[in-house]
Amino acid sequence: MPQDNIKNIQIANEILIPEIINLLHEGHTVTLKVKGYSMRPFLEHERDKVKIATKTDWKINDVVLAEITPKRYVLHRLIVLDGDKVTLLGDGNLTTEHCRVSDLYGVAVAFFRKGRETADFCDGRKWKVYSWIWMRLRPVRRYLLFLYRIYRQLCVLKKDSI
């Protein structure tokens, strides 16, 4: 099928995510395009895709699909697991979010970045090294994200001037 015939359809998260959760409960994996900037710098809004699967044995550093308030879903890193209480942090965020284990629906198992057809798997060395480094840079994350935003804006300006 030629690429020209493919149409992008945008569906609100409060409609789409419950359907994704149903598919996950049925044992399927789901691949979808990332929306939002909360997982920068590794994942970019409407550029990258994530493959999500079901899981019940949650671990620190898992990137999870969670409902943090009714009908508000995020794909963020699990940073604290204290009994039933979960603390999440998007890689591009400075503040945490909270939910319960029962509000976790899936885990990212792979990412497709920069238009590639080859996945970066979450259990692979590349992802583990990235995660280890990025989490240790948390004290200076604010400055790194600021520099990254400037870099992205310069890339857009350069692209527009060509």
Response to the item:
On the accessible surface of region 65-141, probed at 1.4 Å with all protein chains in place, carbon and sulfur together account for a percent value of 56 percent
Worksheet item: Three principal axis extents, largest first, for the C-alpha atoms of region 107-153, in Å?
Response: 30, 25, 17
Worksheet item: Could you list, bin by bin from short to long, the percent of Cα-Cα pairs of the chain in 5 Å steps?
Response: 2, 8, 16, 20, 21, 16, 9, 5, 2, 1, 0
Discussion item. Between residue 25 and residue 125, what's the calculated FRET efficiency when r is the beta-carbon distance and R0 is 41 Å? Round to 0.05.
Written reply: 0.85
Worksheet item: Hey, with R₀ at 30 Å, roughly what FRET efficiency would residue 132 and residue 155 work out to, going by the Cβ-Cβ distance, to 0.05?
Response: 0.70
Response to the item:
In debye to the nearest 20, the charge dipole size for the chain, taken about the Cα centre with +1 at each Lys and Arg Cβ and -1 at each Asp and Glu Cβ, equals 820 debye
Worksheet entry | lysines whose Cα lies under 21 Å from that of residue 35, excluding same-chain neighbours fewer than 8 positions away | 7, 49, 51, 71, 114
Discussion item. Using only the heavy atoms of the protein chains and a 1.4 Å probe, how would 100, 141 rank by accessible area, largest first?
Written reply: 100, 141
Item to complete: List the DSSP H helices in the chain whose Cα atoms stretch 20 Å or more along the helix axis and whose mean Kyte-Doolittle hydropathy is at least -0.5.
Response: 141-161
Worksheet item: How big is the Rg/Rh ratio for region 59-101, C-alpha atoms only, Rh by Kirkwood, two decimals?
Response: 0.91
Item to complete: Would you calculate, for the chain, the mean residue ellipticity at 222 nm contributed by helices, counting each DSSP H stretch of 4 or more residues as -39,500 (n - 2.57) and dividing by all residues, to the nearest 500?
Response: -9500 deg cm²/dmol
Discussion item. Suppose all protein chains stay in the model; what accessible area per residue would a 1.4 Å probe give for the chain, in Å²?
Written reply: 65 Å²
Worksheet, complete the sentence: Once all protein chains are kept in place, residue 135 shows an accessible area at probe 1.4 Å, nearest 10 Å², of 40 Å²
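The values are calculated or read from the model by the stated rules, or taken from the named source; none is laboratory data. Computed from a predicted model, the values in this text were never measured in an experiment. Here the Cβ is made from the backbone with ideal geometry for all residues, glycine too, and neighbour counts use every protein chain on show. The protein model used for the area step is the full one, side chains on, heavy atoms only, and it has no ligands, DNA or RNA in it. Shrake-Rupley method; radii C 1.70, N 1.55, O 1.52, S 1.80 Å.
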